[in-house]
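Some notes on the structure that comes next.
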Amino acid sequence: MHSQHVAAEPPSNDVPGALWSPASGANRVPLTFDVIIAGCGPTGAMLAAELRLHDVRVLVLEKETEPKSFVRIVGLHIRSLELMAMRGLLDRILQHGRQRPAGGFFAAINKPAPKGLDSAHAYLLGIPQPVIERLLEEHAIELGAQVRRGCAVTGFEQDDEGVTVELAGGERLRSRYLVGCDGARSTVRKLLGVGFPGEPSRTETLMGEMEVGVPQAEITAKVAEIRETHQPFWLRPFGEGIYSVVVPAAGVSDRAEPPTLEDFQQQLRAIAGTDFGVHSPRWLSRFGDATRLAERYRVGRVLLAGDAAHIHPPIGGQGLNLGVQDAFNLGWKLAAQIRGWAPETLLDTYQAERHPVAGDVLDNTRAQMELLSTEPGPQAVRRLLTELMDFDEVNRHLIEKITAIGIRYDFGAGPDLLGRRLRDIDVKQGHLYGLLHRGRGLLLDRTERLTVGGWSDRVDHLADPTAALDVPCLLLRPDGHVAWIGDDQQDLDDHLSRWFGKPAD
């Protein structure tokens, strides 16, 4: 099957009917699914779960036969923790993670988080990557998503009714849409022919977690001395005698081969004069500073999300979070398209909103990587920024950028809260996020005079004059962003139509 055939943008009023596509040739196969997702990492699993909240028929194809076995700790930032709370997942996830202060993220400059961050979850949650992937996959399956492992996508064709997907063994499947969540080397992106411009990797770094054989005070003193001239380089305690170790990769084993403990020992001795007695590694990895952003997130009925759409160095720990947040933005919009109530341009707002966010993440990781350089110029900038971060406004701005709570989508003129996410405020039924588990919109009405009328099948209504808000009423999208602020019913109806389509009869 050749994958270069790309149909024109499909009409937005794709009303679901019988899951069979009209015959247009001998090769047409049954339209069995609404969405096929390539890749069952955090982005793919989260997207599958979001679609299932709206009864969308979802199949997730994962080329690996088994989940990842290596234990690498990843961090969930504030916004991702909020999203997990919105879907009732956070308590389950917290059981498997370790909370850490929300500070010291930007270029590993050791500054505490500013006080009073606007979130009930103002911390970093460190959690083993296989665990978070397992929990999100289980969540998707519990909601009814199908997951098939050992299934690699090798080709696809799309037309006005759907996408025909070919697997490595020759099997052909058909769905209304295909979403590539298949990582940095995305097969879907390559077959789609979407450009992936940016910069190739220039430098490589070793990163791992392991035990050490010397006292922490000795490590702290030596690292402080070395960090005056060597970036990137650190040994940070991660709890229970485990240290996170980062050293330059130059001069060690072939980049095509996984790094070894001996590689870390060699680099530590070369830079610090001692290997600190490192032993018993939990996981070891190598990363480069390649930075790329897909030119488009959607071509017809095929979309991209997560690392398939953007890659960047892991400095600041934003990658997994960025992909999960892509899924939250896309899920309800794609479901609306399939369920038949999406406004004409709703699905296009996925790229309009998320592409600039990814561009900003790529820029801030570029800046952070420059600040890790050992050259005099970047080191001078690093010293200056370290001083500036003593100002609360600077520190707060950088933390809000990396944790994604500073994002504001452009919804037009209005109060500053318009387009931003809303924190988990107190309402008469408990907490706001507890009302968002079903992935629907929500009208929060302090006037007790408004109604969602014909949109009640898509939008919930909470009349609560005691809600902790500084505005009379607001409309939340399923992803928790504020879509409207006001107290006029006609104005509200216009915005309900903008985001949730025509009212039901």
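The values are calculated or read from the model by the stated rules, or taken from the named source; none is laboratory data. Quantities reported herein were computed from a predicted structural model and do not represent experimental measurements. Methodologically, a virtual Cβ is constructed for each residue, glycine included, from the backbone with ideal geometry; neighbour enumeration extends over all protein chains shown. With ligands, DNA and RNA removed, areas are computed over all heavy atoms of the protein, side chains included. Shrake-Rupley method; radii C 1.70, N 1.55, O 1.52, S 1.80 Å.
A single member of Ile425, Ile399 is out of contact with any helix residue (DSSP H, G or I) (no Cβ under 7 Å at 6 or more places or on another chain) and open to solvent by less than 20 Å² (accessible area, probe 1.4 Å), and it is Ile399.
Restricting the search to strands (runs of 3 or more DSSP E) fully inside the stretch 179-274 and requiring at least 2 residues that are touching an Asp or Glu at 6+ places or on another chain (Cβ under 6 Å) gives 242-248. Does Phe156 fit the bill of being crowded, with 20+ Cβ neighbours inside 10 Å, touching a strand residue (DSSP E or B) at 6+ places or on another chain (Cβ under 8 Å) and hydrophobic (A, V, I, L, M, F, W, C)? Against the criterion (crowded, with 20+ Cβ neighbours inside 10 Å, touching a strand residue (DSSP E or B) at 6+ places or on another chain (Cβ under 8 Å) and hydrophobic (A, V, I, L, M, F, W, C)), Phe156 qualifies.
Filtering Arg438, Arg446 for residues that are open to solvent by 30 Å² or more (accessible area, probe 1.4 Å) and in contact (Cβ under 8 Å) with a residue 40 or more places away in the chain leaves a single hit, Arg438. Checking each residue of the stretch 400-416 against the condition of being in contact (Cβ under 8 Å) with a residue 40 or more places away in the chain, in contact with a Gly (Cβ under 6 Å, 6 or more places away or on another chain) and among the β-branched types (Val, Ile, Thr) gives at least one match.
Going by the structure shown, is Gly208 more than 23 Å from Leu51 (Cα to Cα), within 28 Å of the chain's Cα centre (by Cα) and open to solvent by less than 70 Å² (accessible area, probe 1.4 Å)? Answer is yes for this residue. For beta carbons closer than 9 Å, sequence separation of 6+ or different chains, a first residue in the stretch 115-126 that is open to solvent by 20 Å² or more (accessible area, probe 1.4 Å) and acidic (Asp, Glu) and a second that is assigned to a loop (DSSP other than H, G, I, E, B) and modelled with pLDDT of 95 or more, the qualifying pairs are Asp118/Ile405; Asp118/Arg423.
Among the numbered conditions (1) out of contact with any Pro (no Cβ under 9 Å at 6 or more places or on another chain); (2) among the β-branched types (Val, Ile, Thr); (3) over 30 Å from Gly340 (Cα atoms), the only one that Thr164 does not meet is (3). Only residues that are in a helix (DSSP H, G or I) and surrounded by 20 or more Cβ atoms within 10 Å (Cβ to Cβ) were counted across the stretch 338-348, and they come to 1.
All of (1) within 18 Å of the chain's Cα centre (by Cα); (2) of a type in the set (A, V, I, L, M, F, W, C); (3) modelled with pLDDT of 95 or more; (4) open to solvent by 10 Å² or more (accessible area, probe 1.4 Å) hold for Leu384 with one exception: (1). In this structure, does Ala335 turn out to be part of a helix (DSSP H, G or I) and of a type in the set (Gly, Ala, Ser)? Yes.
Scanning the stretch 434-465 for residues that are part of a loop (DSSP other than H, G, I, E, B) and either acidic (Asp, Glu) or more than 25 Å from Arg79 (Cα to Cα) (or both) gives Arg446, Thr447, Glu448, Arg449, Leu450, Thr451, Val452, Ser456, Asp457, Asp464, Pro465. When the stretch 349-379 is filtered for residues that are touching a helix residue (DSSP H, G or I) at 6+ places or on another chain (Cβ under 8 Å), open to solvent by 20 Å² or more (accessible area, probe 1.4 Å) and outside any helix (DSSP H, G or I), only Ser373 remains.
For the stretch 62-78, a residue qualifies if it is open to solvent by less than 10 Å² (accessible area, probe 1.4 Å) and either of a type in the set (Phe, Trp, Tyr) or over 16 Å from Leu136 (Cβ atoms) (or both), and exactly one does: Ile78. Of Asp487, Asp479, Asp491, all but one fail to be out of contact with any helix residue (DSSP H, G or I) (no Cβ under 9 Å at 6 or more places or on another chain) and either assigned to a loop (DSSP other than H, G, I, E, B) or at pLDDT below 95 (or both); the exception is Asp487.
Here is a yes/no grid of residues against (1) modelled with pLDDT of 95 or more; (2) more than 18 Å from Leu83 (Cβ to Cβ); (3) aliphatic (A, V, I, L, M); (4) surrounded by fewer than 22 Cβ atoms within 10 Å (Cβ to Cβ):
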residue: Thr291; (1), (2), (3), (4): yes, yes, no, yes
residue: Arg301; (1), (2), (3), (4): yes, yes, no, no
residue: Ala305; (1), (2), (3), (4): yes, no, yes, no
residue: Ala308; (1), (2), (3), (4): yes, yes, yes, no
residue: Ile315; (1), (2), (3), (4): no, yes, yes, no
residue: Gly323; (1), (2), (3), (4): yes, no, no, no
residue: Asp326; (1), (2), (3), (4): yes, no, no, no
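Determine whether Arg420 is open to solvent by 10 Å² or more (accessible area, probe 1.4 Å) and within 17 Å of Glu353 (Cβ to Cβ). When the stated conditions are applied, Arg420 passes them. Taken together, the residues in the stretch 485-497 that are open to solvent by less than 10 Å² (accessible area, probe 1.4 Å) and within 16 Å of Thr349 (Cα to Cα) amount to 1. Across the stretch 58-107, the qualifying residues are those that are touching a residue at least 60 places away in the same chain (Cβ under 8 Å) and basic (Lys, Arg), and the one among them that is nearest to Asp457 (Cα to Cα) is Arg87. Kindly indicate whether His96 is under 16 Å from Pro42 (Cα atoms) and either surrounded by fewer than 16 Cβ atoms within 10 Å (Cβ to Cβ) or under 18 Å from the mean Cα position of the chain (by Cα) (or both). Spelling it out, His96 is indeed under 16 Å from Pro42 (Cα atoms) and either surrounded by fewer than 16 Cβ atoms within 10 Å (Cβ to Cβ) or under 18 Å from the mean Cα position of the chain (by Cα) (or both). Counting the residues of the stretch 314-332 that are in contact (Cβ under 8 Å) with a residue 60 or more places away in the chain, under 30 Å from Leu206 (Cα atoms) and in a helix (DSSP H, G or I) gives 8.
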